[in-house]
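Peer 1: Mind having a look at this structure? Questions to follow.
What follows draws every value from the coordinates through simple rules; no lab data is involved. Small disclaimer: the values here were computed from a predicted structure and weren't measured. Neighbour counts are summed over all protein chains in view; Cβ atoms, including those assigned to glycine, are modelled from backbone coordinates with ideal geometry.
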Amino acid sequence: MLNRIFKIMSFYDRARWNSRTNYNLLNVFNENISNDSKLLTHWLCYITDRQMDYKRIWDIGGFIFSELVDTIKNNNNDYYNYLNPQNELSFFRLEENGKYVFKSHSQVNNNQILLSYGFNHNQQVTFISRYYSSDYLSILYTFDILQYFNYSLTQYILQQLNIQIHHNDYIKRLLFSLYLLTYYKIGQPNNVDLQNFEHNIQNARIRTEEVLGILNDHNEFNNNYNIFLRNKTIYKQKRAWCSLRDFLKSHLYREYFKQSLREYFEQSLQNANANQQIINNLFNNLFKENSLQQLELPGDVWNDNPIFRNCILQNTDYINSNKKLNIILREYFENHRNELNGCYPEQFDITFDFVPRMCKNNNCDICPIGFIRNINGNDFMRTCVQNNNLYCTVALINCNYKINCNVNGCSLINVLNEQ
């Protein structure tokens with residue numbers, strides 16, 4: 001039964017990434033910024049993406065962070081002028097009311113998204129995240145490391161992949177490298193900790209030296225990576241996994257990532273610093289299913305919702321387990337991967353769209369999982385119109401994904417017809 005549920009989630013996941021809408025499109029201050037700048041802006045937005053309206057993060061925060069990234073890259077000097085709250089150049093400011101904000105240099109002008117929030121044409125934009133103290137330090141620490149990689153997230157990623165690509169778990173190792181970049185030893189700072197900028201810079205430099213030591217020493221990396229795995233810390237990196245997932249799966253960010261990789265490759269080849277075969281191998285491996293299978297499901301309240309969890313784990317050895325669902329799904333997948341072609345644990349991330357619409361509303365009677373479980377009175381087939389001229393009504397009703405119906409090639413119908 002759980003095999004079939006994996007395949008049902010795979011259907012929704014493909015619908016999600018083929019849908020015409022995307023929930024985290026960036027509102028950058030200038031569309032002409034580089035692909036790498038867009039990737040780094042995306043990474044910074046996810047740092048702040050916690051327990052607040054995500055649209056404000058990508059619409060307002062994206063505008064500010066994209067300008068911050070572009071400014072640091074173009075000036076190619078010490079980043080900390082732009083993150084020192086006491087410096088007039090800073091994008092992180094202490095306002096007269098005693099509150100910290102991220103603040104743009106540019107004015108709104110004719111940015112229609114910002115105007116819709118009530119900002120004026122000649123106004124600078126301000127944004128603050130819910131956990132701004134730790135978010136600010138994460139951003140500060142990120143730039144302190146990236147100064148050794150020309151402030152390029154692509155260069156940082158490539159250098160780690162060049163080292164780790166020969167391992168079977170290269171995506172997990174890359175995720176650990178990204179964790180070191182931004183989230184390692186952040187702790188739980190408060191706004192008092194932000195008042196001494198020189199102290200924070202000193203801590204950043206000490207941390208950077210430690211992280212670079214881990215990245216550049218094979219044994220140190222392996223030792224710390226194994227601790228990361230053993231302590232299950234890898235399952236707790238929701239924001240890092242979400243961002244890396246977008247680089248590999250989102251039509252938009254995947255293209256930014258591919259183009260940025262090509263740009264860096266071409267530059268490296270000109271400098272005779274890259275081997276063409278290494279480049280080809282990276283491209284051949286990075287965007288294939290083996291990479292996607294390594295992605296971990298970002299743990300959240302939706303995929304651990306008790307209604308959903310108890311439903312899919314019913315009649316399995318995991319029904320009374322205290323483990324998080326993302327850990328359970330990884331264990332199950334590794335034990336049944338030969339039976340789950342095209343499926344992998346991260347695809348269950350559609351629960352943040354599925355559970356509020358289906359489980360929370362007790363829609364078991366029109367649910368495909370209810371259908372394969374033979375729940376009495378299941379009317380699922382009444383919601384499946386099977387008309388190539390219409391949207392897939394199942395994906396639309398269950399998750400609000402807009403994809404065209406594909407009667408003759410529908411993977412969901414194939415799963416439902418399995419015995």
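Peer 1: Using per-residue counts of other Cβ atoms within 10 Å, averaged over each peptide, order 65-72, 1-8, 376-383 from highest down.
Peer 2: Peptide ranking by packing, descending: 65-72, 1-8, 376-383.
Peer 1: With θ taken as phi - 60° and the coefficients 6.51, -1.76 and 1.60, list the Karplus ³J(HN,Hα) couplings across the range 79-87 in order, rounded to whole Hz; mark glycine and proline as x.
Peer 2: Running phi through 6.51 cos²θ - 1.76 cosθ + 1.60 with θ = phi - 60° gives 5, 5, 4, 9, 10, 8, x, 8, 9 Hz.
Peer 1: Among (i) 38, 26, 21; (ii) 46, 24, 23; (iii) 42, 27, 19, which is the computed semi-axes √(5λ) of the Cα gyration tensor in Å?
Peer 2: Among (i) 38, 26, 21; (ii) 46, 24, 23; (iii) 42, 27, 19, the one derived from this structure is (i).
Peer 1: Right, here's the next one. Under 5 Å between amide hydrogens, which residues at least 5 positions from ARG50 or on another chain qualify, with H placed 1.01 Å from N in the peptide plane?
Peer 2: Amide H neighbours of ARG50, under 5 Å, 5+ apart: ARG130.
Peer 1: Sticking with this structure for a sec: Using alpha carbons only, how many degrees (0 to 90, rounded to 10) separate the axis of helix 62-75 from the longest principal axis of the chain?
Peer 2: With both axes taken from Cα atoms, the answer is about 40 degrees.
Peer 1: Give the peptides 91-98, 394-401 in descending order of average Cβ contacts within 10 Å, highest first.
Peer 2: Top to bottom by mean Cβ count within 10 Å: 394-401, 91-98.
Peer 1: Which value at 222 nm does the chain reach when only helices count, each DSSP H run of 4 or more adding -39,500 (n - 2.57), with the total divided by all residues and rounded to the nearest 500 deg cm²/dmol?
Peer 2: Value at 222 nm, helices only, nearest 500: -16000 deg cm²/dmol.
Peer 1: Sorting check: for 119-131, 345-357, which peptide has the highest mean count of neighbouring beta carbons within 10 Å, and how do the rest follow?
Peer 2: The peptides rank, most packed first, as 345-357, 119-131.
Peer 1: For labels at ILE113 and GLU334 in the simple 7 Å Cα→Cβ model, what's the distance in nm?
Peer 2: 3.9 nm
Peer 1: As an exercise, use a Förster radius of 56 Å and the Cβ-Cβ distance of ASP217 and VAL407 to find the FRET efficiency, rounded to the nearest 0.05.
Peer 2: 0.50
Peer 1: Sticking with this structure for a sec: Run the paramagnetic zone check for ASN30: 7 angstrom along Cα to Cβ, then residues of the range 62-87 with backbone nitrogen under 19 Å.
Peer 2: 62-83
Peer 1: For labels at LYS185 and TYR54 in the simple 7 Å Cα→Cβ model, what's the distance in nm?
Peer 2: Inter-label distance under the simple model: 3.2 nm.
Peer 1: Angle, helix 197-216 long axis vs. longest principal axis of the chain, Cα atoms, 0 to 90°, nearest 10?
Peer 2: The helix 197-216 is inclined about 60 degrees to the chain.
Peer 1: Would you give the gap between the C-alpha center of the range 335-362 and the C-alpha center of the range 116-160, rounded to a whole Å?
Peer 2: First find each Cα centre; the distance between them is then 31 Å.
Peer 1: Percent relative contact order of the range 1-121, based on C-alpha pairs within less than 8 angstrom and at least six residues apart?
Peer 2: Reported relative contact order: 19 percent.
Peer 1: Under a Cβ-Cβ cut-off of 14 Å, what is the net charge of the residues other than GLU263 that fall near it, where Lys and Arg count +1 and Asp and Glu count -1?
Peer 2: My count for the surroundings of GLU263 gives +1.
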